[in-house]
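The values are calculated or read from the model by the stated rules, or taken from the named source; none is laboratory data. Computed from a predicted structure; not experimentally measured. Every residue, glycine among them, receives a Cβ derived from its backbone with ideal geometry; neighbour counts consider all protein chains shown. Protein only, heavy atoms only, side chains kept; ligands, DNA and RNA dropped before computing areas. Shrake-Rupley method; radii C 1.70, N 1.55, O 1.52, S 1.80 Å.
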Amino acid sequence: MSILDEAFSIKDYMVQQRNYFHSHPELGLQEFNTCKHIEEELDKIGLPHHRVAGTNVIAELEGQAAGGGAAGAGGASGAAGGSQGKTLFLRADIDALPIQEKNEVPYKSQNDGVMHACGHDGHAAYLLGAARLLKEHKADFHGKVIFCFQAAEEIGKGARDVLAAGELDNVDRIFGIHFQAGLDVGKYGIKSGPDMASCDRFKIQIKGKAAHITTPQNGADSVFIGALIVSQLQTVVSRLVSPVEGGLIGVGSFHSGTTYNIIPGEAVLEGTIRAFSAANRKKLADAVRRIATDIAETYGAQTDVDIEDICDPCTNPAETAAEVLESARKLVSEENILTGIDKRFGSDNFADFMRKAPGTYVHVGSSDSDATRYPHHNEHFDLAEDSYSYAAALAVQYSLDYLK
């Protein structure tokens, strides 16, 4: 059988796993039951595993093919010599979202107010399927595959805990997928260059002076100051970043005041900065600080600006994207491989793993009906069952090709 046929032969297994995860969703850094279930499945497969920082599960599989060939260029394991083989790191995120599910399906969430509305349940299921298939193929590759079931992607956590634990110190390549609503099952989106934006979260606290609404000269109006800051932030990207490169500053929260006739002395704004390069990321962060400070001081107030680094921009190197493209061509026809997909302002801290090794982030089609075309983070979000097989097949094919 082809690798795709093999992946479809265990489709029922992956559907069963995905439905379990979907029925038992857990928020970021709380995925204890999810990890326990993953570990039980890894035990059945026969893979050693361990935890990192509470809710990240790491498993490893050594290939048994005869050694030989050149060392990998990307990481320390390759540098150690061909006899040791290269190391490939496969990642799936496992956390859910604080959303009340509205689907009436047998596998509906049993945890009130929590739902897998982004496909991470399918990510965990496909990676378990890939582990199962690669275990059967361990005589066909040389080197090591590391399976990472990562916690807390939705809140920008998990990945850096795995990095800090040294799990990628000897890795040559990394690989990850994300199911894509609206993209038909059987299609892969694989592109080189910028794919997903960086993510920074900012919080601006405005410290003005309260006064009666009829005597604005006696106060420092935090609502007015906040409104000016919001307005300025909406225009700054177009003046500082090339329209070809793109960037975004968005304000999602503005809280101030208690009643209609008081000038409030304090206000809090929260929002996000997105960019596709480190240079533009810094440029926009500096602009947020400068604009908030200058406007506040002009009208007699002060600001405290905090910017949290959530994750790096996700950029696929041409070399690694080409490797994955070749593997994808062994599974599906050329028209089902999309290399010209648009970059997007969504973020994924899979990008942080690229600090240690080059890698590829792939979009896997997960829609086959109206029920599976709802957008990510929607209370009706769902996945087409065939999508797990296409994801597992690409992970396995690429593993065998890279570690041949």
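Roughly what angle does helix 32-45 make with the longest principal axis of the chain, taking Cα atoms, 0 to 90 degrees, to the nearest 10?
10 degrees
Give me P(r) over the chain, computed from all C-alpha to C-alpha distances, binned every 10 Å, as integer percentages.
Cα pair-distance distribution for the chain, in percent: 5, 21, 28, 22, 13, 7, 3, 1, 0.
On a 0 to 90 degree scale, rounded to 10, what angle separates helix 222-240 from the longest Cα axis of the chain?
Around 50 degrees separate the two axes.
State the percentage of accessible surface on segment 216-309 attributable to carbon and sulfur atoms; use a 1.4 Å probe and exclude ligands, DNA and RNA.
The nonpolar share, carbon plus sulfur, comes to 52 percent.
Based on the alpha-carbon gyration tensor of segment 121-173 and its eigenvalue square roots a ≥ b ≥ c, which shape applies: rounded if a/c is under 1.5, prolate if not and a/b is larger than b/c, or oblate?
Since a/c reaches 1.5 but b/c is at least a/b, the shape of segment 121-173 is classed as oblate.
Per residue, how much accessible surface does segment 107-228 expose to a 1.4 Å probe? Answer in Å², no decimals.
That works out to 32 Å² for each residue.
Report the dimensions of segment 278-384 along its three principal axes from the alpha-carbon atoms, largest first, rounded to Å.
Ordered largest first, segment 278-384 gives principal extents of 64, 37, 22 Å.
Please report the spacing between the Cα centers of segment 290-338 and segment 351-404 in Å, no decimals.
Cα centres, segment 290-338 to segment 351-404: 18 Å.
At a 10 angstrom cut-off on C-beta neighbours, averaged per residue, how do the peptides 325-333, 262-270 rank from highest to lowest?
Per-residue mean Cβ counts within 10 Å order the peptides as 262-270, 325-333.
Can you give me the long-range amide H partners of VAL362? Hydrogens built in the peptide plane at 1.01 Å from N, cutoff under 5 Å, separation of 5 or more residues or another chain.
Correct list: GLY176, ILE177, HIS178.
Can you list the lysines whose alpha carbon sits under 30 Å from that of LYS282, skipping same-chain ones fewer than 8 residues off?
Leaving aside lysines fewer than 8 places away in the same chain, those within reach of LYS282 are LYS157, LYS191, LYS203, LYS207, LYS343, LYS356.
What is the packing order of peptides 132-138, 375-381, taking the mean over residues of other C-beta atoms within 10 Å and listing the highest first?
Answer by packing, highest mean first, reads 132-138, 375-381.
Sum -39500 (n - 2.57) across every DSSP H segment of at least 4 residues in the chain, then divide by the residue count to get the 222 nm mean residue ellipticity, nearest 500.
So the helix-based figure for the chain works out to -10500 deg cm²/dmol.
Rounded to the nearest 20 debye, what is the charge dipole size of segment 158-220 about its Cα centre when +1 sits on each Lys and Arg Cβ and -1 on each Asp and Glu Cβ?
Using only the charged Cβ atoms, the result is roughly 520 debye.
Sort all Cα-Cα distances of segment 235-292 into consecutive 5 angstrom bins from zero, then give the percent of pairs in each bin up to the one containing the longest distance.
Binned Cα distances yield the sequence 4, 16, 25, 18, 12, 9, 8, 6, 3, 0.
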